[in-house]
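Have a look at the structure below, then the notes.
Values quoted throughout were computed directly from the atomic coordinates according to the rules given, and no laboratory measurement underlies them. In this text, all values refer to a predicted model and were calculated from it rather than measured experimentally. Please note: Cβ atoms are built from the backbone with ideal geometry, for glycine as well, and neighbour counts cover all protein chains shown.
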Amino acid sequence: MAFDIEMIKKAYGTMAERVDKARELVGRPLTLSEKILYAHLWEGNPTQAFTRGKDYVDFAPDRVACQDATAQMALLQFMHAGKPKVAVPTTVHCDHLIQAKVDAATDLARAKTQSNEVFDFLSSVSDKYGIGFWGPGAGIIHQVVLENYAFPGGMMIGTDSHTVNAGGLGMLAIGVGGADAVDVMSGMAWELKFPKLIGIKLTGKLSGWTAPKDVILKVAGILTVKGGTGAIVEYFGEGATSMSCTGKGTICNMGAEIGATTSTFGYDDSMRRYLKSTNRADVADAADQVAAYLTGDDEVYANPEQYFDQVIEINLSELEPHLNGPFTPDLATPISKMKEEAAKNNWPLQIQVGLIGSCTNSSYEDISRAASLAKQVADKNLKTKAEFTITPGSEVVRYTIERDGFIDTFNKIGATVFANACGPCIGMWDREGAEKEERNTIVHSFNRNFSKRADGNPNTLAFVGSPELVTALAIAGDLSFNPLTDKLINEDGEEVMLDEPTGNELPPRGFDAEDPGFQAPSADGSGVQVVVSPTSERLQLLAPFEPWDGKNITGAKLLIKAFGKCTTDHISMAGPWLRFRGHLDNISNNMLIGAINAFNQKANSVKNQLTGKYDAVPAVQREYKAAGIPTVVVGDHNYGEGSSREHAAMEPRHLGVKAVLVKSFARIHETNLKKQGLLGLTFANESDYDLIQEDDTINFTDLTEFAVGKPLTLEFIHADGTKDIVMANHTYNEGQIGWFKAGSALNLIAAAGNA
């Protein structure tokens with residue numbers, strides 16, 4: 001039986017009435033995305049139609065999920081909110097703090113020792129506030145959610161950008177910062193600008209070497225890393241219904257890399273099969289009662305151009321396996337073109353490591369298809385040329401694939417099975433030799449491939465592909481190898497070709513696990529003590545941020561003018577820094593250390609206007625803070641792309657940055673800045689970015705008149721006494737201006753709780 005089945009039945013009980021009313025108000029057929037949005041309005045039954053990309057709307061998500069790195073800060077904020085128990089079903093998943101190095105058993109044991117303080121904190125906080133707790137080794141948050149909690153037509157938020165994985169089961173699952181999660185956990189509405197809609201029509205059917213991963217690799221190449229910003233991506237068509245539920249999850253998961261609010265698919269038989277296979281026949285039965293409301297209206301899919309803001313059509317029968325990268329997940333190359341592209345760009349052809357699994361490609365289907373290729377190594381007398389690793393997505397998946405012999409198959413080709421955790425995907429990979437920073441090529445089935453992401457080496461070129469393609473390339477050890485056309489030389493000197501991968505969508509004998517790793521909370525947590533040592537290096541209780549003093553910000557200094565791509569990895573690196581995610585002051589020592597300074601093209605080197613010397617960004621900022629001098633950060637396009645980590649907003653706030661002025665924001669990061677009481681602004685004229693000089697002093701002239709829809713005026717006074725007036729746009733509504741005035745959104749929650 002499913003978790004929270006009564007909540008699910010309640011959601012389905014109101015769905016028909018709410019959707020029918022929304023259809024009447026909108027005056028036309030509805031997409032699936034619209035149905036779920038209107039069914040989850042905070043007000044209950046809809047009373048008005050909303051304008052896409054314009055109206056801010058209050059929603060009531062069904063549940064919240066937090067991973068251990070972000071959960072620390074989210075729960076520290078929740079403790080500050082003063083609530084006795086979470087208002088909606090919530091879970092915490094320990095998956096980020098387990099470093100991949102040796103093998104699953106060794107790495108997990110080491111993590112439990114190194115991060116015991118954090119795991120104990122998360123366990124006790126979960127127990128106290130009625131939160132389900134999945135301990136280290138249980139699996140990666142998104143896979144565990146798909147296996148246990150996701151349900152068609154539901155809405156959930158999660159403190160990780162890849163929460164969208166649950167779209168594979170027909171949800172609107174949206175990545176957010178911890179402050180957003182705290183709103184919902186506290187029983188408050190969750191605010192979102194009503195999204196635009198991108199429809200992706202899938203025709204034909206996948207076959208042979210082409211996998212669901214190739215769909216999103218193709219889409220990323222079309223839309224780029226910012227093409228989905230402010231939009232929900234909805235997949236439909238015969239190609240969608242012919243695909244497995246977990247394959248749909250893979251596509252939705254990587255949708256985070258195009259900036260999309262979320263991605264989803266309509267309820268169909270593949271979802272029904274998956275629910276039943278994961279012991280949730282009761283959810284499938286309940287969904288069947290409202291099945292017409294769990295997909296888009298027929299008229300929408302018949303004439304999608306009339307109902308979506310953008311439509312993309314992809315013929316799966318013609319789709320080719322892809323590799324995306326290096327250094328960005330949207331540089332898409334069909335495998336037939338890789339040899340040519342690699343030569344043109346001087347990419348090293350020798351593949352050092354192939355890595356499969358993680359939250360996005362660790363399903364039974366993925367692993368079984370990859371295992372069918374691994375088996376051919378022995379059958380065809382081949383030798384695997386690259387190192388090969390597998391990261392199972394959950395203990396349920398790991399146990400099942402071990403039971404069914406796949407792990408033994410992988411072991412026979414010399415593979416390493418890492419723990420059921422994020423590991424290399426998030427930079428938690430202690431790769432031998434990475435410190436030498438040698439230029440090298442790896443291939444993996446993860447999502448992100450930013451510089452320094454996997455192993456900390458800026459010269460590791462990472463290419464993203466399907467588990468099947470990654471496995472084939474690891475066997476060949478050659479980036480230019482095309483398994484559809486190319487032959488390999490076996491140990492007998494014979495030419496052989498790899499057969500197409502095969503596998504089962506679901507385990508024939510069902511899923512199983514001796515211990516999935518779940519800890520239920522106490523029915524009454526009031527007696528549970530949560531202890532945070534005042535001398536801890538890992539955890540720090542939060543102090544509220546200071547409210548705005550009601551005056552114009554004047555005499556501010558430019559901290560950094562960031563050049564080019566500036567992701568959340570650049571603003572607040574992951575990898576070794578994950579250990580400080582619960583200690584705001586300590587982790588603030590990584591603030592913007594990866595950003596490139598536009599004036600010297602160096603990372604972590606900015607001019608201190610008080611001394612005239614160059615130093616690390618956090619060090620310079622701490623000097624400004626000590627002197628009581630406000631600062632401004634300037635950035636480029638899609639600033640804050642990537643992870644949902646709110647530390648990228650909290651660190652500047654903690655250290656005294658007042659405003660971030662950029663050409664454009666990634667959605668989650670802009671919201672995180674607002675939530676923490678910072679000014680997130682965009683250039684009214686993008687070319688004004690070029691006016692900003694290294695020694696600038698900045699004055700806000702009309703912040704005292706901060707209002708909805710009214711641009712702000714900034715004076716940039718240069719070292720020679722001249723100045724430029726820069727107009728800055730913003731997207732703050734009345735409520736968000738209230739967050740700024742109060743010092744943070746959390747301050748308002750806490751104030752309401754104490755009233």
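Tabulated values for the structure
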read-out: Electrostatic dipole magnitude of the range 5-315 [Cβ: Lys, Arg +1; Asp, Glu -1; Cα centre; debye, to 20]; value: 220 debye
read-out: Helix-derived mean residue ellipticity, 222 nm - over the chain, DSSP H n ≥ 4, -39500 (n - 2.57), to 500; value: -9000 deg cm²/dmol
read-out: At 1.002 mPa s and 20 °C, Stokes diffusion of the range 605-755 via Kirkwood alpha-carbon radius, µm² per second; value: 132 µm²/s
read-out: Cα gyration tensor shape for the range 609-660, rounded if a/c is under 1.5, else prolate or oblate; value: prolate
read-out: Distance (nanometres) between label positions extended 7 Å along Cα→Cβ at Val311 and Glu623; value: 5.9 nm
read-out: Net charge over other residues, Cβ less than 13 angstrom from the Cβ of Ala138 (K, R count +1; D, E count -1); value: -4
read-out: Whole-Å distance, taken between Cα centres, linking the range 659-726 and the range 585-603; value: 19 Å
read-out: Under 12 Å, Cβ to Cβ, from Ala49 - net charge with Lys/Arg +1 and Asp/Glu -1; value: +2
read-out: Helical segments meeting 30 Å axial Cα length and Kyte-Doolittle -1.0 threshold in the chain (DSSP H); value: 5-26
read-out: Gain upon complete extension [Ala109, Asp486; 0.36 nm per residue less C-alpha separation]; value: 131.5 nm
read-out: Packing-based exposure ordering (other Cβ within 10 Å, fewest first) of Ser480, Ser533, Ser687; value: Ser687, Ser533, Ser480
read-out: Inter-centroid distance (Cα atoms) of the range 377-415 relative to the range 253-299, Å; value: 30 Å
read-out: From the coordinates shown, Cα extents along the principal axes in Å corresponds to which of (1) 76, 60, 55; (2) 86, 70, 43; (3) 82, 63, 49; value: (1)
read-out: Spacing of the two label points (7 Å from each Cα toward its C-beta) at Thr701 and Thr611, in nm; value: 3.5 nm
read-out: Relative contact order computed over the chain (Cα-Cα under 8 Å; 6+ residues apart), in percent; value: 14 percent
read-out: The range 5-315, relative contact order [Cα under 8 Å, separation at least 6], %; value: 22 percent
read-out: For Met79, Met338, order by how many other beta-carbon atoms lie within 10 Å, fewest first; value: Met79, Met338
read-out: Efficiency of FRET from Cβ geometry, Glu318 and Lys54, R₀ 51 Å, rounded to 0.05; value: 0.85
read-out: Virtual spin-label span in nm between Val102 and Asn346, 7 Å along Cα→Cβ; value: 4.0 nm
read-out: Rounded, prolate or oblate (a/c below 1.5 giving rounded, otherwise prolate when a/b exceeds b/c) for the range 223-266 by Cα gyration tensor; value: prolate
read-out: Cα Rg, Dmax (largest Cα-Cα span) when computed across the range 193-258, Å; value: 11.7, 41
read-out: Prolate/oblate/rounded label for the range 322-496 (Cα gyration tensor, a/c 1.5); value: oblate
read-out: Spatially proximal aspartates and glutamates relative to Lys613 (Cα-Cα < 17 Å; intrachain offsets below 8 disregarded); value: Glu623, Glu694, Asp695, Asp696
read-out: Furthest towards positive pole of dipole, Leu373, Gly357, Asn346, structure part the range 332-374, Cβ charges; value: Asn346
read-out: Sorted peptide list for 182-193, 445-456, 243-254, criterion being average Cβ within 10 angstrom, highest first; value: 243-254, 445-456, 182-193
read-out: Formal net charge of residues neighbouring Tyr274 (Cβ-Cβ distance under 15 Å; K, R +1; D, E -1); value: -4
read-out: Average Cα contact separation per residue, the range 556-754, under 8 Å, 6 or more apart, as relative contact order %; value: 19 percent
read-out: Pairs beyond 23 Å (Cα-Cα), from Lys218/Lys663; Lys218/Lys276; Lys35/Lys196; Lys218/Lys602; Lys452/Lys565; value: Lys218/Lys663; Lys218/Lys276; Lys218/Lys602
